[in-house]
Amino acid sequence: MVDTHPFRAAVEARDLDAMVALLTDDVVFHSPVTFHPIVGREPVSRLLEFLLHEVFADFLYTDELTASDGTTALVFTAKVGDRSVEGLDLLRHDAAGRITDFTVMVRPMSGLGALAARVGERYDEIVGS
């Protein structure tokens, strides 16, 4: 049996502190709803908290793919309002296993639109832009 990635375990436990502890101070987060990445543990942690507690419902990781180069892909399903989404969290790690680069991809367009609308309502407040 393959071990579950620590970030997956933290999300499944809804443990924000454990999620944030896995991020480097200068983590780069690539959102599916913004062109520019979000850089830094603090703004990324605020975004993760918002997503975990206020945006995604019925969040479930369905697959986990790990490459030997320190990259992990976590495939998920969730609801955003009345829209179902499928997505992928692409995690790149440093030698210590902490996340340095975090890319999220979401489909279909209707679900992405619901996500963009929900995040957009409070984006500046959350990430401090």
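The values are calculated or read from the model by the stated rules, or taken from the named source; none is laboratory data. All of these numbers come straight from a predicted model, not from anything done at the bench. Neighbour counts run over all protein chains shown; Cβ positions are idealised from the backbone, glycine included.
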Residue selected from the range 40-49 under the condition within 11 Å of the chain's Cα centre (by Cα) and either in a strand (DSSP E or B) or of a type outside the set (Val, Ile, Thr) (or both), by the criterion farthest from ALA114 (Cα to Cα): SER45
Pairs returned, first residue in the range 72-87 that is closer than 11 Å to VAL104 by Cα, second residue that is of a type in the set (Lys, Arg), beta-carbon separation under 8 angstrom, 6 or more apart or interchain, are LEU74/ARG8; GLU86/ARG107; GLY87/ARG107
Please find, within the range 103-129, the residue that is surrounded by the most Cβ atoms within 10 Å (Cβ to Cβ) out of those that are in contact with a Pro (Cβ under 9 Å, 6 or more places away or on another chain) and under 21 Å from MET19 (Cα atoms). LEU115
Taking VAL33, is it among the aliphatic types (A, V, I, L, M), in contact with a strand residue (DSSP E or B) (Cβ under 7 Å, 6 or more places away or on another chain), in contact (Cβ under 8 Å) with a residue 40 or more places away in the chain and surrounded by 12 or more Cβ atoms within 10 Å (Cβ to Cβ)? no
Could you identify the single residue in LEU65, LEU74 that is modelled with pLDDT under 95, part of a strand (DSSP E or B), surrounded by 12 or more Cβ atoms within 10 Å (Cβ to Cβ) and not β-branched (Val, Ile, Thr)? LEU65
Hey, among the residues in the range 53-74 that are hydrophobic (A, V, I, L, M, F, W, C) and in contact with a helix residue (DSSP H, G or I) (Cβ under 6 Å, 6 or more places away or on another chain), which one's nearest to HIS93 (Cα to Cα)? LEU74
Hey, THR66 hits all of (1) more than 21 Å from TYR123 (Cα to Cα); (2) touching a residue at least 24 places away in the same chain (Cβ under 8 Å); (3) in contact with a Leu (Cβ under 6 Å, 6 or more places away or on another chain) but one; which does it fall short on? (3)
Residue within the range 9-29 that is more than 12 Å from the chain's Cα centre (by Cα), of a type in the set (Phe, Trp, Tyr) and outside any helix (DSSP H, G or I) present: no
Anything in the range 1-30 that is exposed (fewer than 13 other Cβ atoms within 10 Å of the Cβ) and either in contact with a helix residue (DSSP H, G or I) (Cβ under 7 Å, 6 or more places away or on another chain) or touching a residue at least 40 places away in the same chain (Cβ under 8 Å) (or both)? List them, or say none. VAL2, GLU12, ARG14, ASP25, ASP26
Report, by residue number, each residue of the range 82-129 that is under 22 Å from THR72 (Cβ atoms) and among the β-branched types (Val, Ile, Thr). VAL85, ILE99, THR100, THR103, VAL104, VAL106
Please enumerate the residues belonging to the range 86-129 that are of a type outside the set (Asp, Glu), assigned to a strand (DSSP E or B) and over 15 Å from VAL28 (Cα atoms). GLY87, LEU88, VAL106, ARG107
